[in-house]
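Notes for the one structure printed next.
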Amino acid sequence: MIEVLAKLGRGPVFLAGEVLECVITFTNPLSASSTSASSEMLAWASAQIHCQFHASENRVALPPSDGSKHDVQAENETVFVPNRGERGQCILSTPPKILFCDLRLDPGESKSYSYCETLPVDGPPSFRGQSVKYVYKLTIGCQRVNSPIKLLRVPFRVLVLHGLKDYQFPQDEAVAPSNPFLEEEEGLKKDSRLADLATELLMVATSRRSLHLYNISNTRGKVGTFCIFKTVYKIGEDVIGTFNFSEGDIPCLQFSVSLQTEESIQEEFQRRRGQPVSFTTHARHQESCLHTAQSSFSLPIPLSSTPGFTTNIVSLKWRLHFEFVTSGESTGTCLVRESQSEAVTWTGVEQMEVDTFSWDLPIKVLPTNPILASYVSQFSSTNSITI
């Protein structure tokens, strides 16, 4: 028996273009009956990253795939196919890397191997939607002689930030801040600069503020105004907006604001022409606001959500969805006096005619620092199997 343990070095969330590093440890556990003849042998081990695409058959007409021939494995087959037995299609994979050949482990002995691979920048982000899913996994395959291949899969999340692909790092490394007491490998140094660059680009893109004012009106007149100071956010930020109903001609009785994603399938891959778009609500604020002059809301963008993106099959966009309930007639208030000595009591009307209408405001949502997103990730940095 051999225990195989895979551990991601920096958490389970990465930016496309970063270097993923994983330490894989093979251990022959020591037992009370262990002898020198209890050594274990592995013929080989290899590792590879792939992205698996899943689609709802009711909503998406899948493009043809030639990967089904690898679903069945012969008893002694030695071909390493990371996505063997998985549903969907493998749309992206890195070249496989051999970790070792002919490994012998004595009782209590363990050996570790480091796997490093740059995540492709032209792949889609990790996404679990109503119509499609993009799932990234690191797969470690190992085999005993004359035994089936065993696969250890380590799922992780990939965020895609457009603009990093075309960035050229300066040739003069002397201008970059560095620690003269530390020696870094060139790949790790570039990976660190990539993360710093992404953080800087995101900060610039999401820190720009300018006043956006919108008049809220229906067919009968003006209801109020809505104010928001920016329309570009990172996941993890709060979307904040304010309402001013004091200048409205039509009383607003109630409003709600929903933070939503809009998942649409590209026309050529739609199962039915003109099929509806899928919406997902991530946060919602509702408030009764009769006789309210001003109000506000704050909706958090979950760190676990997917920033907006577009592929050849699906498009994901973010929006604020507003719903307003307004009075269909002039609203008065009733005064109730029980006696002249008592205070005046204000009461609302029992029935009222109302009008409802909705409005959508598109916003842009970008990734955030992958280390921050790792804190709330559903994936574990460590996976293991026993073979």
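Values computed for the structure shown
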read-out	value
Odd one out for Val121 among (1) closer than 23 Å to Gly9 by Cα; (2) at pLDDT 90 or above	(2)
Scope region 12-28; condition open to solvent by 40 Å² or more (accessible area, probe 1.4 Å) and either among the acidic types (Asp, Glu) or in contact with an Asp or Glu (Cβ under 7 Å, 6 or more places away or on another chain) (or both); matching residues	Glu21
Qualifying residue in region 89-105 (condition: assigned to a loop (DSSP other than H, G, I, E, B) and modelled with pLDDT under 90)	no
Condition broken by Ser246, with the remaining ones in (1) in contact with a Leu (Cβ under 6 Å, 6 or more places away or on another chain); (2) at pLDDT below 95 satisfied	(1)
Out of Val277, Val257, sole residue that is within 27 Å of Thr368 (Cβ to Cβ) and surrounded by fewer than 15 Cβ atoms within 10 Å (Cβ to Cβ)	Val277
Complete set of residues in region 290-304 that are in a strand (DSSP E or B), out of contact with any Lys or Arg (no Cβ under 9 Å at 6 or more places or on another chain) and in contact (Cβ under 8 Å) with a residue 60 or more places away in the chain	Ser298, Pro300
Those residues of region 300-321 which are over 18 Å from the mean Cα position of the chain (by Cα) and surrounded by fewer than 20 Cβ atoms within 10 Å (Cβ to Cβ), in sequence order	Asn312, His321
Region 108-133 - residue that is open to solvent by less than 20 Å² (accessible area, probe 1.4 Å) and under 13 Å from Ile49 (Cα atoms) and, of those, farthest from the chain's Cα centre (by Cα)	Tyr115
Subset of region 198-237 (residues that are open to solvent by 40 Å² or more (accessible area, probe 1.4 Å) and of a type in the set (Gly, Ala, Ser))	Ser207, Ser210, Ser217, Gly236
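Quick grid of which residues meet (1) in the same structural domain as Ala47 (by the TED database); (2) in contact with a helix residue (DSSP H, G or I) (Cβ under 9 Å, 6 or more places away or on another chain); (3) at pLDDT below 65:
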site	(1), (2), (3)
Phe156	yes, no, no
Pro170	no, no, yes
Glu184	no, yes, yes
Arg193	no, no, no
Val223	no, no, no
Lys230	no, yes, no
Gly236	no, yes, no
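The values are calculated or read from the model by the stated rules, or taken from the named source; none is laboratory data. Model, not experiment: these values are computed from the prediction. Here Cβ is always computed from backbone atoms with ideal geometry, including for glycine, and neighbour counts include all displayed protein chains. With ligands, DNA and RNA removed, areas are computed over all heavy atoms of the protein, side chains included. Shrake-Rupley method; radii C 1.70, N 1.55, O 1.52, S 1.80 Å.
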